[in-house]
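Below: the structure, in structure tokens.
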Amino acid sequence: MAEQIKAVRGMRDILPEEVKIWQTVESIAFQTLEAFGFEEIRVPVVEELKLFQRSVGSFTDIVQKEMYVFKDKGNRILALRPEATASVVRAYLEHQLYTKRKITRLYYAGPMFRYDRPQKGRYRQFFQIGAEIFGGKSPYFDAELIVILAKIIEKLNVSNYVFETNSVGCDACKISYGIKLKQFLEPAKDRLCQDCQTRLQGNVLRVLDCKVISCREIIKEAPVIQDVLCDDCRKHQENFYTTLDDNKIHYKKNPYLVRGLDYYTKTVFELKIGEEENAVAGGGRYDNLVSELGGPETPAAGFAIGMDRLCALINLEVKRKKEICVIFLGQHALQKGTAILNSSRVDGIKIVADYEQRPLKNHLKIADREGVKHILILGDNELQKQIFLYKNMSNGSQKEIKFSELSKFFKEIDNA
Ligand code: HAM
């Protein structure tokens, strides 16, 4: 037998049963976002590597360890996107979307790629639904993002969720906090992992995001950024929390939350469900990114939901669509019947034809095994009488359906 090729490590197939859940989640998320004025944008999966180096940050694990980087035939150094915020900002600038609306709300959905160690809830290709707001500096925008996430998650019947929140401050706050944190970490330097020892020299805040247990132990005692926030950042944070309270959002302050990407300023947040350690969604404000990528000063904020994680955690019953199976007995019935069937099909109703020739008994056995309840049969007799014979597999009843009334019959079955 020929060698079977398997999916690449860390990449997986989402099979039809699971896709039904994904489609339900997507449609709830898209409808919610549209209702808040977000419009969909589609950006490429491949970008220049430097876009991510300059946005996500050269000291982040994502850029240092997890990028899929390659040269194309034109010697361009490209990367599969590890996230889409950078691409959306690039597109926002490239198409000067800031000239069109004062506040621009965009959403997107698609696969992201990170060369991470595959494990439960962690894949090398994973799927995000994300949202970005450009042009608004008020904390109400940050709160709006959380309200949207809460609405989506509640529509999915999830109640055991919490938002972890923090402020990483503005550039000035980050610098003063960096100094304080470095002073605290220096004496414990030898107990930090190799990566954190390098981070100590490069971007010390990244130490807070380290997953190594010995580093986490040290971090537990670290000073918090809260103590060094400037007046503006402090006010922003207070207003943000008041708005969350007003909206009855369930949140928990996590003073060490910095997130794995460098572009954040002020508000950061993550959405957690149940006891799961992995965040289902994450986001925050990034007021400097647009200008750092060559655009005008533009405050911005956003989030991304990890679909793989969310869909694995929700308990969604997706109603199976009714299916009507049509079988043709004999070549003549098949020849004449398919056109009659196709001209009577009704949009949105699942009518599945089986063109294979087998004895009726076998057809019925297959329908039974596959849980199909409604069968239409066309043989030579039926063709002559210009009818399909309908068989209800649940109660064994039968009736004749005229060719001219086929569409009406499909609607009746679907509505029943
Ligand atoms: P992120 O936290 O890196 O943020 O990713 C968002 C979500 O994507 C995570 O909470 C998680 O559910 C999912 N995710 C990340 N990595 C993996 C993985 N290896 N396997 C499965 N799921 C994963 C961002 O990507 C930012 N762009 C979010 C954002 C938008 N911030 C502002 N705007």
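The values are calculated or read from the model by the stated rules, or taken from the named source; none is laboratory data. Everything numeric here is computed off the predicted structure, so don't read it as measured data. Heads up, the Cβs are rebuilt from the backbone with ideal geometry, glycines too, and the neighbour counts pull from every protein chain shown.
Tabulated values for the structure
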{"read-out": "Looking only at the stretch 1-32, and only at residues there that are among the small types (G, A, S) and touching a residue at least 24 places away in the same chain (Cβ under 8 Å), the one that is nearest to R117 (Cα to Cα)", "value": "G10"}
{"read-out": "Filtered residue count, the stretch 33-78, keeping only those that are in contact (Cβ under 8 Å) with a residue 24 or more places away in the chain, among the β-branched types (V, I, T) and within 16 Å of the ligand (Cβ to nearest atom)", "value": "6"}
{"read-out": "The lone exception for A222 - which of (1) within 15 Å of the ligand (Cβ to nearest atom); (2) small (G, A, S); (3) surrounded by fewer than 20 Cβ atoms within 10 Å (Cβ to Cβ) it fails", "value": "(1)"}
{"read-out": "Selection from the stretch 350-391 of residues that are among the aromatic types (F, W, Y) and not in a loop (DSSP other than H, G, I, E, B)", "value": "F388, Y390"}
{"read-out": "Filter result for Y241 (farther than 25 Å from I129 by Cβ, in the same structural domain as D142 (by TED's automatic domain parsing), more than 23 Å from the chain's Cα centre (by Cα) and within 16 Å of the ligand (Cβ to nearest atom))", "value": "no"}
{"read-out": "Residues within the stretch 153-174 that are of a type in the set (A, V, I, L, M), touching a residue at least 60 places away in the same chain (Cβ under 8 Å) and either farther than 16 Å from E276 by Cα or not in a helix (DSSP H, G or I) (or both), tallied", "value": "4"}
{"read-out": "Complete set of residues in the stretch 296-335 that are within 26 Å of E370 (Cβ to Cβ), outside any strand (DSSP E or B) and charged (D, E, K, R)", "value": "E317, K319, R320, K321, K322"}
{"read-out": "Qualifying position, being among the hydrophobic types (A, V, I, L, M, F, W, C) and touching a Ser or Thr at 6+ places or on another chain (Cβ under 8 Å), among L406, L389, L378, L383", "value": "L406"}
{"read-out": "Residue that is farthest from the ligand (Cβ to nearest atom), among those in the stretch 252-286 that are of a type in the set (D, E) and surrounded by fewer than 20 Cβ atoms within 10 Å (Cβ to Cβ)", "value": "E275"}
{"read-out": "Close pairs (9 angstrom Cβ cut-off, 6 or more residues apart or separate chains): in contact (Cβ under 8 Å) with a residue 40 or more places away in the chain in the stretch 296-312, near the ligand (Cβ under 7 Å from one of its atoms) and of a type in the set (K, R) anywhere", "value": "D308/R122; R309/R122"}
{"read-out": "Given (1) crowded, with 17+ Cβ neighbours inside 10 Å; (2) over 15 Å from L149 (Cα atoms); (3) within 13 Å of the ligand (Cβ to nearest atom); (4) not β-branched (V, I, T), index of the condition G295 fails", "value": "(3)"}
{"read-out": "Residue, nearest to G57 (Cα to Cα), within the stretch 72-118, restricted to residues that are in contact with a Leu (Cβ under 7 Å, 6 or more places away or on another chain) and of a type in the set (A, V, I, L, M)", "value": "A86"}
{"read-out": "Residue selected from the stretch 125-184 under the condition closer than 30 Å to Q96 by Cβ and among the aromatic types (F, W, Y), by the criterion surrounded by the fewest Cβ atoms within 10 Å (Cβ to Cβ)", "value": "Y140"}
{"read-out": "Criterion: within 16 Å of the ligand (Cβ to nearest atom), surrounded by fewer than 19 Cβ atoms within 10 Å (Cβ to Cβ), at pLDDT 95 or above and on the phi < 0 side of the Ramachandran plot - qualifying residue of R117, R105, R122", "value": "R122"}
